[in-house]
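Scroll down for the structure; my scribbles are underneath it.
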Amino acid sequence: MRIFFAADIDPPEAQAWREALQSAAPGHEWLTPSRPDVAEPQPVQADVAVVANPPAGALSQVQGLRLIQSLWAGVDRLLSDRTVPQGLPLARMVDPSMTAAMVQSALWAVTALHRGFFLYAQQQRAGLWHQLPQQRAADVRVLVLGLGTMGAAVAAALAAQGYGVSAWRRGTADATAPQTAEAEGPAGVAVLRGTEGLEQGLAAADVVLNLLPLTPHTRGIVNAGFLSQVKTGAALVNFGRGGHLVEADLLAALDAGRLSHAVLDVFATEPLPPEHPFWRHPRVTVLPHVAALTDLRSAAEVVADNLARLQAGRPLLHLVDRQRGY
Ligand code: GLV
């Protein structure tokens, strides 16, 4: 097959991806986009586009596509690109190594918030020796927003550490769907749904950890109204998308003492602009969108599997429901 590869990443990283993909899925012809300085790129024919968060319009020169395979888990940027053909199957990345990385980041953030490690880091900078009371994990309630692959894995790992875990999914229960344990969520995790479920979860949580997909329904969900429902002194972890959060509302909630700390991996503008107040805010921890990166080796296998499925006419994996937005 002819495969078009478009990635919004540095050339050496793109080269590493090309090599990993070619070795996992040999025998295909790999094509790259025209250089950005070409005013009118020639149309190219390709069966599949393999893309890593490509800029809008990156696929407009490609004709004959039968599948778009994302190397990123979140496909919000692709879905908002009006030049991406609508009827085309779009597969997101579900990479076990990436999920494992997200679990590590979530355990780190929740543990650091629970045990006061961000405060101790501040104390070190101030040369201050001061012991804080030690709380039990069971006395810390974590609300995970989103119960997809990552949300479920994170909720399960936190519950296994002894935290009191609830997980919220936006949709209400489908009465016709079988209520299996899996549909309900991982062991030891209370599943909350709908607006009422969110209210209930926010009022009880010491840590709110966002792992929702970014869709028109979830854009701006963490706003002043949401933050006013959070328990005073709770902390926020945003490992979803910058678009979930109204940044000015978060700053106001931090400065009013409503929220104690925010751990942020994703931002409205990335890279986070140098003058942004988050960089120097004493109660904000900034990560450069690294909570979970796609793992080159395992992701190349996931792509190879879907390419083989397409070629053999077998069902494709991890297809996005465009109506739902993830
Ligand atoms: C990272 O944020 C991804 O969506 O893969």
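The values are calculated or read from the model by the stated rules, or taken from the named source; none is laboratory data. Fair warning: this is a prediction, and the values are worked out from it, not measured in the lab. As a convention, Cβ positions derive from the backbone with ideal geometry for all residues, glycine included, and neighbour counts pool all protein chains shown. Just so you know, the surface numbers come from the protein's heavy atoms only, side chains and all, with ligands and any DNA or RNA stripped out. Shrake-Rupley method; radii C 1.70, N 1.55, O 1.52, S 1.80 Å.
Select, from Ala126, Ala157, Ala109, the only residue that is touching a helix residue (DSSP H, G or I) at 6+ places or on another chain (Cβ under 6 Å) and under 27 Å from Gly233 (Cβ atoms).
Details: Ala126 fails: touching a helix residue (DSSP H, G or I) at 6+ places or on another chain (Cβ under 6 Å); Ala109 fails: touching a helix residue (DSSP H, G or I) at 6+ places or on another chain (Cβ under 6 Å).
Result of the check over Ala126, Ala157, Ala109: Ala157.
Can we say Glu275 is open to solvent by 70 Å² or more (accessible area, probe 1.4 Å), away from the ligand (no atom under 15 Å from the Cβ) and not assigned by TED's automatic domain parsing to the domain that holds Thr195? Quick ask: steps written out before the conclusion?
Values: open to solvent by 70 Å² or more (accessible area, probe 1.4 Å): yes; away from the ligand (no atom under 15 Å from the Cβ): yes; not assigned by TED's automatic domain parsing to the domain that holds Thr195: no.
So Glu275 fails the test.
Looking only at residues that are under 21 Å from Asp321 (Cβ atoms) and within 16 Å of the ligand (Cβ to nearest atom) in the range 89-122, which one is surrounded by the most Cβ atoms within 10 Å (Cβ to Cβ)?
Residues of the range 89-122 that are under 21 Å from Asp321 (Cβ atoms), as a first pass: 89-95, 98-99.
After this cut, where a residue has to be within 16 Å of the ligand (Cβ to nearest atom) as well, the list is 90-95, 98-99.
Values: Leu90: 22, Ala91: 22, Arg92: 22, Met93: 21, Val94: 15, Asp95: 26, Met98: 23, Thr99: 21.
Across the range 89-122, the extreme among qualifying residues is Asp95.
So, in the range 1-29, how many residues would count as being under 16 Å from Ala56 (Cα atoms), touching a Phe, Trp or Tyr at 6+ places or on another chain (Cβ under 9 Å) and at pLDDT 90 or above? Lay out the reasoning, then the answer.
Just the residues of the range 1-29 that are under 16 Å from Ala56 (Cα atoms), to begin with: 4-9.
Restricting the remaining residues to those that are touching a Phe, Trp or Tyr at 6+ places or on another chain (Cβ under 9 Å) gives 4-5, 7, 9.
When the remaining residues are screened for being at pLDDT 90 or above, the result is 4-5.
So the count comes out to 2.
From the list Leu272, Leu319, Leu310, Leu296, which one is of a type in the set (A, V, I, L, M), within 25 Å of Asn210 (Cβ to Cβ) and out of contact with any Pro (no Cβ under 6 Å at 6 or more places or on another chain)?
Sole residue among the options that is of a type in the set (A, V, I, L, M), within 25 Å of Asn210 (Cβ to Cβ) and out of contact with any Pro (no Cβ under 6 Å at 6 or more places or on another chain): Leu272.
Inside the range 30-57, can you point out the residues that are at pLDDT 95 or above and away from the ligand (no atom under 16 Å from the Cβ)?
Within the range 30-57, Gln45, Ala46, Asp47, Val48, Ala49 qualify.
Do we find that Gln86 is out of contact with any Ser or Thr (no Cβ under 8 Å at 6 or more places or on another chain), over 22 Å from Pro216 (Cβ atoms) and either surrounded by fewer than 19 Cβ atoms within 10 Å (Cβ to Cβ) or assigned by TED's automatic domain parsing to the domain that holds His261 (or both) in this structure?
Taking the combined requirement at face value, the residue does not satisfy it.
Which of (1) more than 26 Å from Leu212 (Cβ to Cβ); (2) β-branched (Val, Ile, Thr); (3) without any contact (Cβ under 8 Å) to a residue 40 or more places away in the chain does Val44 not meet, given it meets every other one?
(3)
Please state which of the following conditions Leu310 fails to meet, knowing it meets all the rest: (1) under 30 Å from Leu65 (Cβ atoms); (2) buried (at least 21 other Cβ atoms within 10 Å of the Cβ); (3) among the hydrophobic types (A, V, I, L, M, F, W, C); (4) more than 16 Å from the ligand (Cβ to nearest atom).
(2)
I need the full set of residues from the range 181-201 which are at pLDDT below 90 and either open to solvent by less than 70 Å² (accessible area, probe 1.4 Å) or in contact with a strand residue (DSSP E or B) (Cβ under 8 Å, 6 or more places away or on another chain) (or both), in order please.
Result: Ala183, Glu184, Gly185.
For the condition touching a residue at least 12 places away in the same chain (Cβ under 8 Å), among the hydroxyl-bearing types (Ser, Thr, Tyr) and surrounded by 15 or more Cβ atoms within 10 Å (Cβ to Cβ), what is the one hit in Thr232, Thr269, Thr215?
Working: Thr232 fails: surrounded by 15 or more Cβ atoms within 10 Å (Cβ to Cβ); Thr269 fails: surrounded by 15 or more Cβ atoms within 10 Å (Cβ to Cβ).
Exactly one residue qualifies, and that residue is Thr215.
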